[in-house]
Amino acid sequence: MEPGGALKMYRKKNMIKRTIQLLMMGLLSWLGPLNGLQAQEVAKDTTKGRVDVDHADVFEYVQKRGTVLQKLLGNVELHQDSVFMYCDTAVIEENIDVFATGNVIIQQGDSLSVFSDSLYYDGFERIADLYGDVILNSRAQELFTKRLTYNLNTKTATYFDGATLTDDSTQLTSRIGYYYVNTNEAYFKDSVVVVNPQFSLRSDTLKFNTETNIVTFLGPTLISSDSSRIYCEGGFYDTKNNLAEFTDNAQYIRGEQKARAKIIRYDGSKKEYVLEGNARFVEGARNAKADIIRYDELNDKTFLTGNAEFEDSKQKIKAEEIVYDAKKEIYSTRGRSFISDPPQLLAADQVDYQEETGMGLAIGNVVWQDTSANLTINCAQADYQRETGYLKAFGGLKGRPLLISLVDGDSLFMSADTLLSLREDTLANDSTRLLLAYYDVRVFKSDLQALSDSLAYSTRDSIFRFFKDPIVWSDTTQFTADTIDMQMANDNIDKIMLHSRSFIINSPDELFFNQIKGKDIVAHFTDGELRRMDVEGNAESVYYARDEKEAYVGVNETLCSDMVLFFGNNQVNKIKFITQPQATLHPMTQIDHNALRIKGFNWQFKLKPTSVDDLFGERAKRLIVPTVTRDLPPGDDTIKPTKPKVKNPETGVIPMPDEPEGKVDN
């Protein structure tokens, strides 16, 4: 075969998976027959491993001092079994040691060709050296180096002056290379560079197993492509099964994406990436970390497992596990989960959220907070929408959600069958919030309690609105009406406003009952204490007067259009009557106190919640207390008591026992 014809066989293809194996095994294929040459203790056995001469332009046979030399010149052709060698000149010593120079070619069939400037094979030491421009060609693989050495004793092939391997479009270069035949392992050291149209690799040391086709990274390694880079200082790549593992300071960069972990794994068959051990992922404002981060490329799903955290410009999520489905735009959490979307905070055992609809579902020991409104809701399950601030809570302790708010420096607790919270104006991105509660609303605070069918609260005006036969208790006072509004100011009660069929009952001992009735009533508070009460429309009152020793001295019974009551230390100091007041002062022993109960009187103090526990459990039944009171004659809607006794008709003020008669406070 002509040398020029062999040179035309150079081709390129897949370096890591095939070049090393074919390179080294190809070398063995022509040196392998020499493996039969054995060294004797005294002299070489010339009967084994004979190299035959097929042609030479000039043949010279020399025997010198017991050594037989064959000198061949011009178009030398040799063979040993199926291996052929071509060169310009050759010297064969004892038919074993071969010295070849000039256009050396070694060829085995059509699969292997080796080119070099010179060759020396020491049959006694069993070492072969190829020098000059060494080229090994095996089908589509090529190796270029200046010197290649193969030791048949250790079955090791080495180069120390640098080499380049090519396979189709892939090229590998390194300064030092080793191939261990017994273990099927090849090592590339010092300035290892792999170039491929899809990627490039730089490494300090690589190992390749020609049997398993596994590349092992044994030093700092950087793998780069047009859009990404991977750095590691250890790991492997299984070219046969398309598996990779990058360890020791493993890092990944792609555009704005940055990832790092103790181990980065890739499974090509599953199209799955895994970051394991202190895993971190960053992309712009998005930041994820967990013990393990797994990305399923086929289904476009990301799994964060173990101390999982995710944060973007809008929210921060913590959970035992976070799963994001990019195709369906759904994320879910498992394990105790915390979502921070200021001013909203959410905690639950699990959360499922769909970005397309913007709706989420939180399940299990749910705690929702609005820090701007000092609101907290505890429940078993909640529907929520992040963009609009919508939250619907139900279930919880004994089947009821619980709201906690800070009022007057004290916690206010409220429960209902359902709690609903939302922003009042989502289009304007308004931060004010509307809270709705229904049904069977119960409120407990150390100095305030309430029951109602339903409730509404707006942070815009800070008013609690109680609907459908509400009852509010403050200390020993009970408020009832068709609806009741409680105005807050600076987290303190500022006003309690009763609308339609308003009725206030006060009794420090539940023996005698102070009563105020009117169409509408407004109670004014200062620093949490009742200071004034305005009664408008058909005002009626029954008030038990006491002296400085708290002894009862009489009972005032009054009718008028409107009245104003002034308080101190939670007691009435004086009452101002407006528009034709009619009042009677009864001695304590000369009146039927039950008969003094105003129509509509219904003392429900036993229903008052006395602790947070009373906000749960079966709904208490309200009492209907029939009373014989001053009913109006048919057709007469004006109450007219007989023989009224007015102390000061000019001012309409009845002084209390500790107040001089005639004193007026306008």
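Rank-order 513-520, 224-231, 434-441 by packing density, defined as the average count of other C-beta atoms within 10 Å over each peptide's residues, highest first.
On the way: 513-520: 22.2, 224-231: 14.1, 434-441: 19.8.
Highest-to-lowest ranking by the protection proxy: 513-520, 434-441, 224-231.
Rounded to the nearest whole Å³, what is the per residue volume of the convex hull around the Cα atoms of segment 235-359?
Taking the convex hull of the Cα positions in segment 235-359, it is 101 Å³ per residue.
For segment 204-348, what % of the accessible area comes from carbon and sulfur atoms, probe 1.4 Å? In segment 204-348, the share of accessible area belonging to carbon and sulfur is 48 percent. Taking all protein chains together and rolling a 1.4 Å probe, Ser116 ends up with roughly 10 Å² accessible. Surface analysis of segment 424-537 yields an accessible area of 40 Å² per residue, using protein heavy atoms and a 1.4 Å probe. Between rounded, prolate and oblate, where does segment 490-585 land on the alpha carbon gyration tensor, with a ≥ b ≥ c its root eigenvalues, rounded for a/c under 1.5, else prolate if a/b exceeds b/c? Judged from the Cα gyration tensor, segment 490-585 comes out oblate (a/c at least 1.5, b/c at or above a/b). Close lysine pairs were tallied over segment 474-629: pairs 8 or more places apart or on different chains with Cα atoms under 16 Å apart number 5. For segment 418-492, trypsin sites (Lys or Arg not before Pro) meeting the loop criterion (DSSP other than H, G, I, E, B) and having at most 15 other Cβ atoms within 10 Å: Arg460, Lys468.
Kirkwood analysis of segment 355-410, using all unique Cα-Cα pairs, places the hydrodynamic radius at 11.9 Å.
Rg to Rh for segment 122-209: what is it, with Cα atoms only and Rh by Kirkwood? Before the final figure, lay out the partial values.
Numbers: Rg = 13.3 Å, Rh = 13.5 Å.
Ratio of gyration radius to Kirkwood radius for segment 122-209: 0.98.
Using 0.36 nm per residue, how much length does the chain from Arg501 to Asp410 gain when fully extended, once their Cα-Cα distance is taken away?
Details: separation 91, 0.36 × 91 = 32.76 nm, distance 3.03 nm.
Taking 0.36 nm per residue and subtracting the Cα distance, the gain is 29.7 nm.
Ranking request for peptides 154-162, 542-550: highest mean number of other beta-carbon atoms within 10 Å first, then the rest in descending order.
Working: 154-162: 16.9, 542-550: 15.3.
Listed from highest to lowest mean packing, they are 154-162, 542-550.
How many percent of the accessible area of segment 374-481 is carbon or sulfur, using a 1.4 Å probe?
On the way: 1980 of 3930 Å².
It is 50 percent, rounded to a whole number.
Taking the protein heavy atoms of segment 501-543 in the context of the full set of protein chains, the accessible area attributed to carbon and sulfur is 44 percent at 1.4 Å. According to the Cα-based calculation, Rg over Rh for segment 335-464 is 0.95, with Rh computed by the Kirkwood formula.
The values are calculated or read from the model by the stated rules, or taken from the named source; none is laboratory data. For clarity, every value in this text was computed on a predicted model and none was experimentally measured. Using ideal geometry, Cβ is built from the backbone for each residue, glycine included, and neighbour counts are taken over all protein chains shown. All accessible areas refer to the heavy atoms of the entire protein, side chains included, with ligands and DNA or RNA removed. Shrake-Rupley method; radii C 1.70, N 1.55, O 1.52, S 1.80 Å.
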